[in-house]
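Colleague: Here it is, the structure in full.
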Ligand SMILES: Nc1ncnc2c1ncn2[C@@H]1O[C@H](COP(=O)(O)OP(=O)(O)O)[C@@H](O)[C@H]1O
Ligand SMILES: [Mg+2]
């Protein structure tokens, strides 16, 4: 199986506080991997470490191997890492700009000026994010007028527009209603044909519906990583079974 990203001996500290302990994980390419675990177990910390979003917050030790390069090194260009490993946050974060300008924001930053390239990429990304049909006649209107679910799909389109290989998502539907949540889950399943998705979720149904692989974290440790069906139906570790049956968390 092709691996998109490999984490070796990942440790994260906030000041003196050691919150992620020696994690080793291989994220399969063109698959969806869910990170699950109780609040405070370190899911977001791990996720943010994968594209250097913890640089200013925490000490991140260990290797993050991307195409044979350890991207967790100061000399590696963070901006380029984030072009290849994009992030979608929990709260939709549209900019106070038009729908169109939101989608092509990263391309403009990267210096793309060709209008045809920009508009093609905008349409392609909005289609991939399953938003095109709803917004194609209002591309020049403010993104802030969209519903929460539409705003989140817009943020997904904005991330896709720079053509990353990997998309990190931190509880991408937790601020959304059930209909928007299921639209986004359907979108993710389509996207994995082209992208590798790593998603934090505290929603077990979401992990079991959408993820191919699931990693269970507890108190900063990776307890178990396996195919989602195995984690949910036949976990190896007692802690995993206890968490899934609601004994804690
Ligand atoms: N910026 C920060 N500064 C200090 N401690 C933090 C910070 N962010 C998270 N933590 C702590 O790190 C631990 C893991 O948090 P987090 O990664 O957010 O967990 P999760 O996403 O699983 O809820 C928690 O104890 C949390 O309080
Ligand atoms: Mg979190």
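Colleague: Between the range 203-242 and the range 1-75, what is the C-alpha centre distance in whole Å?
Modeller: Here the two parts' Cα centres lie 17 Å apart.
Colleague: Next up: Binning at 10 angstrom from zero up to the longest distance, how are the C-alpha pair distances of the range 10-157 distributed in percent?
Modeller: In whole percents, the pair-distance histogram is 10, 33, 30, 22, 5, 0.
Colleague: Also, I was wondering about something else. Take the chain, connect every pair of alpha-carbon atoms lying under 10 Å apart with a spring to form a Gaussian network, then pick out the residue of 84, 116, 190 with the largest mean-square fluctuation.
Modeller: Comparing 84, 116, 190 in a Gaussian network model of the chain, the most mobile one is 116.
Colleague: Per residue and in Å³, how big is the convex hull formed by the alpha-carbon atoms of the range 144-191?
Modeller: Once divided by residue count, the hull of the range 144-191 is 76 Å³.
Colleague: Which order results if 230, 181 are arranged by neighbouring Cβ count within 10 Å, fewest first?
Modeller: Arranged by neighbour count, lowest to highest, 230, 181 become 230, 181.
Colleague: Please report the equivalent ellipsoid semi-axes of the range 156-249, computed as sqrt(5 x eigenvalue) of the Cα gyration tensor, largest first, in whole Å. Can you show the working numbers first?
Modeller: Details: eigenvalues 128, 43, 29 Å².
For the range 156-249, the ellipsoid semi-axes come out as 25, 15, 12 Å.
Colleague: Considering only 65, 170, 133, give the residue with the highest GNM mean-square fluctuation for the chain, with springs between Cα atoms whenever their separation is below 10 Å.
Modeller: Comparing 65, 170, 133 in the GNM, the peak value goes to 133.
Colleague: What's log10 of I(q)/I(0) for the range 81-201 at q = 0.10, 0.15 Å⁻¹, Debye sum over Cα points only, no solvent?
Modeller: -0.25, -0.59
Colleague: Please check: in the Gaussian network model of the chain (C-alpha springs, under 10 Å), which one of 229, 207, 29 has the largest mean-square fluctuation.
Modeller: Among 229, 207, 29, the largest GNM mean-square fluctuation belongs to 229.
Colleague: In deg cm²/dmol, rounded to 500, what helix-only [θ] at 222 nm does the chain give when every DSSP H run of at least 4 residues adds -39500 (n - 2.57) and the total is split over its residues?
Modeller: Calculated at 222 nm, the ellipticity per residue is -10000 deg cm²/dmol.
Colleague: So what's the Cα pair-distance distribution over the chain, bin width 10 Å, in %?
Modeller: 7, 31, 35, 21, 6, 0
Colleague: Residues of the range 19-44 with backbone nitrogen within less than 13 Å of a virtual label 7 Å along the Cα-to-Cβ line of residue 112, please, listed as ranges.
Modeller: Under 13 Å, as judged by backbone N against the label point of residue 112, lies no residue of the range 19-44.
Colleague: Ok, one more. Angle, helix 178-191 long axis vs. longest principal axis of the chain, Cα atoms, 0 to 90°, nearest 10?
Modeller: Tilt of helix 178-191: around 90 degrees.
Colleague: From largest to smallest, what semi-axes in whole angstrom does the range 84-125 give when each is the square root of 5 times an eigenvalue of its alpha carbon gyration tensor? Please list the in-between numbers first.
Modeller: Details: eigenvalues 71, 30, 19 Å².
Working from the Cα gyration tensor, I get semi-axes of 19, 12, 10 Å.
Colleague: In addition: Sticking with the crude label model, points 7 Å out along Cα→Cβ, report the distance from residue 219 to residue 24 in nm, one decimal please.
Modeller: The modelled label-to-label distance comes out at 2.2 nm.
Colleague: Pull out the extension gain between residue 127 and residue 177, defined as 0.36 nm times the separation in residues minus the alpha carbon to alpha carbon distance; nm, one decimal. If you can, show how the numbers build up before the last one.
Modeller: Numbers: separation 50, 0.36 × 50 = 18.00 nm, distance 2.12 nm.
Between residue 127 and residue 177, full extension yields an extra 15.9 nm.
Colleague: In addition: For residue 138 and residue 203, what does the FRET efficiency come to when R0 = 30 Å and r is the distance between their Cβ atoms, rounded to the nearest 0.05?
Modeller: 0.45
Colleague: Here's something else I'd like to know. In degrees, nearest 10, range 0 to 90: what is the angle between the Cα axis of helix 115-128 and the longest Cα principal axis of the chain?
Modeller: Helix 115-128 sits at roughly 50 degrees to that axis.
Colleague: Compute the length gained on full extension between residue 17 and residue 56: take 0.36 nm times their separation in residues and subtract their Cα-Cα distance, giving the result in nm to one decimal.
Modeller: So the chain would gain 12.5 nm between residue 17 and residue 56.
Colleague: Compute the helix-to-body angle for 148-161: its Cα long axis versus the longest principal axis of the chain, expressed 0 to 90° and rounded to tens.
Modeller: For helix 148-161, the angle is close to 90 degrees.
Colleague: I would also like to ask the following. Taking a label point 7 Å from the Cα of residue 79 along the Cα→Cβ vector, which residues of the range 111-136 have an amide N closer than 14 Å to it?
Modeller: 111-112
Read-outs: derived from the displayed coordinates by stated rules, not from any lab. Please read these numbers as outputs of a predicted model, since none were measured by experiment. We place every Cβ from the backbone using ideal geometry, glycine too, and count neighbours over all the protein chains shown.
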